[in-house]
Amino acid sequence: MVDAAGSVGPGQRRGRRTAWVVGAVVVVALVAGIGVWRYAARSAQVEASGVTRHAGMALPDCLPDMALAVYGGGDEVVVAQSVRNVSPWPVTVISQDPEAYRFEALSDDPADDTAVTGGTDGGAPAGTSDRVVLPAGRGVTMWIVDPQRGSVQESGVWYEFDQVPVTVRALGVERESSLRLPGTLYVGGGADGGDRLGEALQEACDA
């Protein structure tokens, strides 16, 4: 209320203070909400676990479960690995190396999430893509094809792959990340490297 002299009355001052406090609370709530949203988006997780199929060499049963697959230098590497979204919201996974890592399309039936369609002997099936949108709890098959391409195959040299470079997009936030494999993929050793490694591993198991 303004009196005859033009000054602001106590009631109006209280109203302005209340409006300022309410505005400050709204701003703080918005900032906090944005922070929580960005944290939730950046904490989105996609895991490579479950089914693994490959045409690599058979490993002795005595070895610890640390090798995803082993291929000799002259072999064509083809591995199928199931990938699942363990976040409570949809996640888009984009391969940063689409020649080596590609995804099958999401099935209409969640029961197919852990099924590998197509054989690894003939390479990845047709229709794979460099990206896939995974709803919460859903999974697809990721195909790994010759990630060592272009590398010089020297006798006795093994290439190791235990992570897949990907871009993860969730809740409108995109970040570069890596998808850790449930084991290490070994490739190389020369034309007969796989055979020699297999023999050495078997001898170690029999000792």
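The values are calculated or read from the model by the stated rules, or taken from the named source; none is laboratory data. These figures come from a predicted structure and were not determined experimentally. Every residue, glycine as well, gets a Cβ built from its backbone with ideal geometry; the counts of neighbours run over all protein chains shown. Calculation scope for accessible area: heavy atoms of the full protein, side chains included, ligands and nucleic acids excluded. Shrake-Rupley method; radii C 1.70, N 1.55, O 1.52, S 1.80 Å.
For region 84-150, taking Cα atoms only, what is the radius of gyration to one decimal and the Dmax to the nearest whole Å?
Every Cα atom of region 84-150 included, Rg and Dmax give 12.3, 39 Å.
Modelling each spin label as a point 7 Å along the Cα-to-Cβ direction, I'd like the Ser107/Ala58 distance in nm, to one decimal.
2.7
With every protein chain in place, what's the accessible area of Thr114 (1.4 Å probe, Å², nearest 10)?
Approximately 70 Å² of Thr114 is accessible to the 1.4 Å probe.
Report the normalised scattering of region 54-103 as log10 I(q)/I(0) at q = 0.15 Å⁻¹, calculated by the Debye formula with identical scatterers on the alpha carbons.
-0.62
Estimate the FRET efficiency between Glu47 and Glu203 by the formula 1/(1 + (r/R0)^6), using the beta-carbon distance for r and 41 Å for R0, to the nearest 0.05. All intermediate terms of the calculation are to be shown ahead of the outcome.
Working: r = 35 Å, r/R0 = 0.85.
My answer for the efficiency is 0.70.
Give me the number: length gained by fully extending Tyr159 to Thr184, i.e. 0.36 nm times residue separation minus the C-alpha to C-alpha distance, one decimal in nm. All intermediate terms of the calculation are to be shown ahead of the outcome.
On the way: separation 25, 0.36 × 25 = 9.00 nm, distance 0.98 nm.
The span from Tyr159 to Thr184 would gain 8.0 nm if fully extended.
From the backbone phi of region 87-97, what are the Karplus-calculated ³J(HN,Hα) couplings (6.51 cos²θ - 1.76 cosθ + 1.60, θ = phi - 60°) in whole Hz, Gly and Pro given as x?
So the J values, rounded to whole Hz, are 8, x, 9, x, 9, 9, 10, 10, 6, 8, 9.
How large is the accessible surface per residue of region 45-206, computed with a 1.4 Å probe and reported in Å² as a whole number?
49
Rank these by accessible area, largest first, 1.4 Å probe: Met66, Met57. Intermediate results must be reported in sequence, preceding the final value.
Working: Met66 105, Met57 40 Å².
Reading off the accessible areas and sorting them downward yields Met66, Met57.
From largest accessible area down, sort Trp89, Trp143; use a 1.4 Å probe on the protein chains. Intermediate results must be reported in sequence, preceding the final value.
Numbers: Trp89 55, Trp143 0 Å².
So, going from the largest accessible area down, we get Trp89, Trp143.
Jot down the radius of gyration and Dmax of region 45-206, Cα atoms only, both in angstrom.
Here Rg and the maximum Cα pair distance are 16.4, 54 Å.
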